[in-house]
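Take a look at the structure set out below.
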Amino acid sequence: MSADFLWKVSEGDSVKLKKYDPDYVHPSFKHDNADETLAALGTELGELQELLAAAQHHSVLMILQGMDTSGKDGTIRHVFSHVNPQSCRVNSFKVPTAEEAAHDFLWRIHNVTPPKGVLGIFNRSQYEDVLVVRVHNLVPESVWSHRYKAINHFEKLLADNGTIILKFFLHISQDEQTARLQARVDDKDKAWKISSSDFAERKYWDDYQKAYEDALSQCSTDEAPWYIVPANHKWYRNLVIAKTLVETMRKYKDEWKSDLEARGRKELESLQQILAGNEAKSS
Ligand code: ADP
């Protein structure tokens, strides 16, 4: 497990979530200037996304998972505010429809994975099929227990096809969840966010934590790593996710730029040939 601003799960790690502090804040990030830092990261993310879209070599898939109220929606709203919506796609996965449920569990996921040039964000994902499905016994263990392997194969297939995959688990404490749910009850402007099922799910907290530990332990690979994000502080959660995404995409920047330059040179050469041909004709 490598630690820094957040925790990257290494292949083969056995994750115990109690060991990770959801309140953690790296001393080099300050709440006071969090907005400016996020804006700078957002601007760079926008530039990198433009290169990703133009180069058409890779796609990016960012998966967000976490307990109810952990901030999946808030992360999307804040981290992607500088990104061109044209080449960005968000998919939220709910209870499967009858058609989805009639297929294998990856069918609806594969159908919407980002094509080359696109930055895709999954709000919930294939992991629900080893989380809510496991906690509520929606299929027998003999079925869900094989899904970790299927997910790893699936993500390898995507990675082999040029998908850069990052998976973020938004780690909040149970006390923080209580406070966030209570805030929705107390504030009539936030009442629309109340979902009675979120309250009902609370009694399964430990079962969910266990299910998350297994998903994080069994499905973190070099090509599709899991990151545990300390998420009790919303500003810190946004910053570390933006930072990790930017740093990951930055590694491809030179490759995308030199491809684009080569493409530009080629286009210029063919334009010069066309112009030279026109001149020869008219002389
Ligand atoms: P959110 O909580 O993400 O804002 P919703 O309140 O609509 O959105 O919740 C979506 C619900 O769909 C969650 O309770 C989630 O557990 C459930 N869900 C997602 N995928 C599956 C699945 N494969 N099987 C069963 N339930 C699922």
(Q) Which log10 I(q)/I(0) values does the chain give at q = 0.07 Å⁻¹ under the Debye formula, counting every alpha carbon as one identical point scatterer? (A) -0.30
Q: Between 43, 248, 97, find the one with the highest GNM mean-square fluctuation for the chain; connect C-alpha pairs within less than 10 Å.
A: 97
Q | For segment 4-108: rounded, prolate or oblate by the Cα gyration tensor [a/c cutoff 1.5] | A | oblate
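From the Cα gyration tensor of segment 8-48, with a ≥ b ≥ c the square roots of its eigenvalues, which class applies: rounded if a/c is under 1.5, or else prolate if a/b is larger than b/c, or else oblate?
On the way: a/c = 4.37, a/b = 1.65, b/c = 2.65.
Judged from the Cα gyration tensor, segment 8-48 comes out oblate (a/c at least 1.5, b/c at or above a/b).
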Q: Could you tell me which trypsin sites (Lys or Arg not before Pro) in segment 189-258 are loop residues by DSSP with no more than 11 other beta carbons within 10 angstrom of their beta carbon?
A: 251
**Q.** FRET E, pair residue 101, residue 205, Förster distance 30 Å, beta-carbon r, rounded to 0.05
**A.** 0.70
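Helix-only estimate, please: 222 nm mean residue ellipticity of the chain, summing -39500 (n - 2.57) across DSSP H runs of length 4 or more and dividing by its residues, to the nearest 500.
Working: 12 runs with 140 residues, N = 283.
So the helix-based figure for the chain works out to -15000 deg cm²/dmol.
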Q: May I ask for the angle, rounded to the nearest 10°, between helix 253-282 and the longest principal axis of the chain, with both axes built from Cα atoms and the value confined to 0 to 90°?
A: 30
Q) Hey, rough spin-label estimate for residue 274 and residue 86, points 7 angstrom out along Cα→Cβ, what's it come to in nanometres? A) 2.0
Q) With the other protein chains left in place, how much accessible area per residue, in square angstrom, belongs to the chain at a 1.4 angstrom probe? A) 52
Q) Expressed as an acute angle from 0 to 90° and rounded to the nearest 10, what is the orientation of the C-alpha long axis of helix 147-160 relative to the principal long axis of the chain? A) 20
Q: Name the long-range amide H neighbours of residue 221: under 5 Å, sequence gap of 5 or more, or other chain; modelled H, no Pro or chain starts.
A: 226
**Q.** Residues with amide H under 5 Å from that of residue 66, placed H, sequence gap 5 or more
**A.** 170
Q.
How large a share of the accessible area of the chain, in percent, is made up of carbon and sulfur atoms when the probe is 1.4 Å and the other protein chains stay in place?
A. 51
Q. Which of 119, 157, 61 moves most in a GNM of the chain, Cα contacts under 10 Å?
A. 157
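The values are calculated or read from the model by the stated rules, or taken from the named source; none is laboratory data. Just so we're clear, the structure is a prediction, and the values are computed from it rather than from any experiment. All Cβ positions, glycine included, derive from the backbone under ideal geometry; neighbour counts span all protein chains shown. Each accessible area value is taken on the protein alone, full model and side chains, heavy atoms only, with ligands, DNA and RNA left out. Shrake-Rupley method; radii C 1.70, N 1.55, O 1.52, S 1.80 Å.
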